[in-house]
Structure formats: C-alpha cells, structure tokens
Amino acid sequence: MKSDKIAIIFILVAVFIIIVVLLSNFTYRARVVVGGAVFNVDVAETKYLLEKGLSGHKPLTKDEGMFFVFQKPDNYGFWMKDMLFPIDIIWISSDFKITHIEKSVLPETYPKVFYPEIDSMYVLEISAGSSDALNLKIGDSVQFFRKTSKNS
C-alpha cells in the first residue's frame with residue numbers, strides 16, 4: 001500500500017516535470033511592426049527560449065524575426081552562440097521605442113556580448129541589413145501584436 005502511494009507520487013512528479021519542460025520550449029507567433037514593415041516573429045518569454053534565441057535556427061526570411069520579452073527593463077546582453085547567419089539586434093524600451101541597434105552582427109563575433117546603451121525591456125532580432133533598409137533609428141516606435149500559437 002505504501003509503495004503504491006510512493007509510485008503514484010513519483011509518476012505525478014515525473015508528469016509535472018515533463019509538462020514544465022515541454023512548456024519551456026513553447027513559442028508563439030506574433031507580429032511586430034517597425035519602420036513600416038511587418039515581421040512575423042517567434043516570441044521568447046521563457047528562460048529557456050530567452051537563452052536559446054535563434055541559436056541553430058535556419059536563416060530568417062526578410063519578414064521573419066524573434067522577439068524577446070523580459071520581465072523588466074535591464075541591460076540585457078546578446079551573443080551569437082551557435083548562430084548560423086548574421087542578424088540585426090534591436091533593443092526596445094518598455095514604451096516600445098528603439099533604444100539601441102547593432103547592425104549585421106556576424107556569427108563569428110561569438111563570444112563577444114553586445115549590450116544596449118540604456119536599459120531595455122524587449123529585443124527584436126531580424127535579418128542582417130533590415131534595419132538599414134528600413135532606415136531604423138533610435139527613438140522609432142515599435143508595435144507588438146500577440147497572435148496565435150506556433151505549436152498548435
């Protein structure tokens with residue numbers, strides 16, 4: 001009887017851990033509008049996705065990106081670990097204004113870490129050269145529209 005209870009508790013804990021791991025890898029799609037362009041983005045909010053980012057990802061198309069959502073504004077650094085292609089990295093304030101742009105960051109720059117000049121709450125990663133093509137600059141507005149699940 002006691003061993004049955006232990007087995008049930010063990011199974012419940014294992015199921016809980018599996019659910020947590022699966023949810024930590026869960027992304028959803030959203031739209032980001034900046035500089036008159038619309039980007040379909042994967043959203044990173046979990047610790048796992050905030051750390052993984054686009055590492056190992058196939059190259060982005062001109063209208064794709066990744067949007068990082070942090071809990072509070074801070075001086076979040078980004079690196080190019082396991083990246084397969086160059087990107088533009090755009091830091092965004094809590095009121096959705098561009099605060100810093102790193103252009104055409106190459107995978108070969110790893111392990112260098114890139115930081116914004118001021119605290120930011122969001123980061124947008126898009127194809128290298130996109131920020132120049134759109135003439136993006138500090139202070140430009142960014143719109144973020146939550147969309148549907150990528151995994152559903």
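When you scan segment 117-149, how many residues do you find that are of a type in the set (Asp, Glu), more than 19 Å from LEU54 (Cβ to Cβ) and either at pLDDT 95 or above or surrounded by 13 or more Cβ atoms within 10 Å (Cβ to Cβ) (or both)?
3
Being among the hydroxyl-bearing types (Ser, Thr, Tyr) and assigned to a helix (DSSP H, G or I) is the filter here; which residues of segment 118-133 pass it?
Residues satisfying the conditions are SER130, SER131.
Restricting segment 47-76 to residues that are among the aromatic types (Phe, Trp, Tyr) and modelled with pLDDT of 95 or more, which is nearest to PHE114 (Cα to Cα)? Before you say what the answer is, go through the steps one by one.
If we filter segment 47-76 for residues that are among the aromatic types (Phe, Trp, Tyr), which is where we start, we get 48, 67-68, 70, 76.
Filter once more, keeping what is modelled with pLDDT of 95 or more: 67-68, 70, 76.
On the way: PHE67: 16, PHE68: 15, PHE70: 16, TYR76: 8 Å.
Once the filter is applied, the top-ranked residue is TYR76.
Does any residue of segment 53-75 turn out to be touching a Pro at 6+ places or on another chain (Cβ under 7 Å), closer than 21 Å to SER120 by Cβ and either touching a residue at least 40 places away in the same chain (Cβ under 8 Å) or not acidic (Asp, Glu) (or both)?
Looking for residues that are touching a Pro at 6+ places or on another chain (Cβ under 7 Å), closer than 21 Å to SER120 by Cβ and either touching a residue at least 40 places away in the same chain (Cβ under 8 Å) or not acidic (Asp, Glu) (or both), one finds at least one in segment 53-75, hence yes.
Considering only segment 94-107, I want to know if a residue exists there that is over 16 Å from the mean Cα position of the chain (by Cα), more than 25 Å from ARG31 (Cβ to Cβ) and not in a strand (DSSP E or B).
Yes - at least one qualifying residue is present in segment 94-107.
What's the number of the condition SER152 fails, among (1) modelled with pLDDT of 95 or more; (2) small (Gly, Ala, Ser); (3) part of a loop (DSSP other than H, G, I, E, B)?
(1)
Look at segment 77-126 and say how many of its residues are aromatic (Phe, Trp, Tyr) and in contact with a Gly (Cβ under 8 Å, 6 or more places away or on another chain).
Initially, segment 77-126 is screened for residues aromatic (Phe, Trp, Tyr), giving 78-79, 85, 91, 96, 110, 114-115, 122.
From the residues that got through so far, the ones that are in contact with a Gly (Cβ under 8 Å, 6 or more places away or on another chain) too are 78, 114-115.
Number of matching residues: 3.
Cβ-Cβ below 7 Å, separation at least six or inter-chain, first residue in segment 111-122 and of a type in the set (Ser, Thr, Tyr), second part of a loop (DSSP other than H, G, I, E, B): which pairs?
Within 7 Å, the pairs are TYR115/ASN75; TYR115/GLY77; SER120/TYR76; SER120/SER93.
Tell me which of these LEU136 doesn't satisfy, since it passes every other one: (1) touching a Gly at 6+ places or on another chain (Cβ under 7 Å); (2) part of a strand (DSSP E or B); (3) not aromatic (Phe, Trp, Tyr).
(2)
The values are calculated or read from the model by the stated rules, or taken from the named source; none is laboratory data. What you are looking at is a predicted structure, and each value in this text was computed from that prediction instead of being measured. A quick note on method: Cβ atoms are made from the backbone with ideal geometry, for glycine too, and the neighbour counts reach across all protein chains shown.
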